[in-house]
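Reading through the structure tokens given below for one structure.
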């Protein structure tokens, strides 16, 4: 096997890392994402102690801490990040680091990977980590019968097997240069063999879990990352209403919130004792159209709808400028293989009418389901309705509850509002959201050419050829897909001024990649 990467010992909670030239040769290294630091932040020397209180959106009574389950919004994912670790992790500068894996290597064709595990790591139940734990944690996402929402990400994995007690071998159907990045996804957390949820190796031990309500955790005294975490305990509340979250922070009932109201953000920041964090990344708001139902199975109908939304107005009204306009594919400007030569789709009523007429229709009646699953989710649907009326498209808005949205509405109805935090690589994003094998395929996209490119691009070791493949995939989705992606949104959160953190924050999810409980402290 060819040596790819090794993470040295973890000292003082900081990964010392190095990439060697073989990494770039097979495309494993990610582009470093641009980071915007906090508007205000306490970056003093970390210190231990204290009880952190968080009010986060996205919780539901149907949530579970089982990996591969449909719950993946901020509140339950943050809890998962508290109690679990993965083999690898995305670091705040966008690069790749090792968690439970101390090193990994691949054959020259990137079709076989070996991950060597750290020794001496204990699960919260006292069991020592070994290779079989990793094997069973990954196997649950493999095969045609799996119900894991993450199966599309590892659909190319033929076999995972132990190679002794501290080594795991992944055998793939074809090469995948991005496998170590793929395994950073929260669904691939490692648990003890035979246990479904709630027990990990993470920085905190689960003490209480009420789905859709709250979670309580305490510091893991045996955590393997020396010096981490800093907090003694964490309480993570599910608070769906943004105003309620802001009031809780303003009154010092909590210390951290996510997704404050953007159009009053400046005023909120001036209310005293509050810091704002903002980081650009891969998060994008979407309106998926299920391509397997009429009339959305007609590309001219889809193009008419794509030309009927005013993206600049969505950016101004919903995001208050905290982001940039999207172009109906999921690859952000920050990502390595972003295709910058695709013409920006614009709000064009004449083109919308042209495609509507080409589809055989002079007008269109269609329904969109909406909830405030992101700040302004319902308002986005209202703006879309107003924009599309000028093209003869009549959108009926059905407002539904946020609770259970991801299990009852998303991927169930022909058209709805949605959003993605994004993924660290083009392969991961396309595999999860557009592979015909993925249960997260929100547009029911099934394109033979795309599927062929998806497999070939993973295994392509020539970077220029790989770039061309991902560019073609972006064009296919843009021109023929069922995705309306009007805007990319910055990650925005707010904390009390007693919270300290590093200057750089991870851009793969809000709250420092949902690892704030491990990385932040009371200043």
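Some values worked out for this structure:
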| item | result |
| --- | --- |
| Per-selection Kirkwood Rh - the range 220-325 (Cα, Å, 1 d.p.) | 17.9 |
| Largest-first ellipsoid semi-axes for the chain, taking √(5λ) over the Cα gyration tensor eigenvalues, angstrom | 35, 29, 20 |
| Enclosed volume per residue, in Å³, of the convex hull spanned by Cα atoms of the range 284-489 | 109 |
| Computed log₁₀ I(q)/I(0) - Debye formula, equal Cα scatterers, no solvent, the range 296-372, q 0.17 Å⁻¹ | -0.82 |
| Share, in percent, of DSSP beta bridges within the chain that are antiparallel, nearest 5 | 75 |
| Estimated distance in nm for a label pair at residue 51 and residue 451, the labels positioned 7 Å out from Cα along Cα-to-Cβ | 5.4 |
| Separation of alpha-carbon centers, the range 277-333 and the range 166-192, rounded to whole Å | 31 |
| Computed lengthening from residue 61 to residue 357, 0.36 nm per intervening residue step minus Cα-Cα distance | 102.1 nm |
| For the range 45-84: relative contact order, % (alpha-carbon pairs under 8 angstrom, 6 or more apart) | 35 |
| Mean separation of Cα contacts under 8 Å (6+ apart) over length of the chain, as relative contact order % | 24 |
| Span from the the range 430-469 Cα centroid across to the the range 121-148 one, whole angstrom | 26 |
| The range 305-425, relative contact order in percent, only Cα pairs under 8 angstrom and at least six apart counted | 29 |
| Theoretical gain in end-to-end length, residue 263 to residue 107 [0.36 nm per residue, Cα-Cα removed] | 51.1 nm |
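Coordinate-derived values only; no laboratory data. For clarity, every value in this text was computed on a predicted model and none was experimentally measured. Cβ coordinates were reconstructed from backbone atoms using ideal geometry, including for glycine residues, and neighbour counts include every protein chain displayed.
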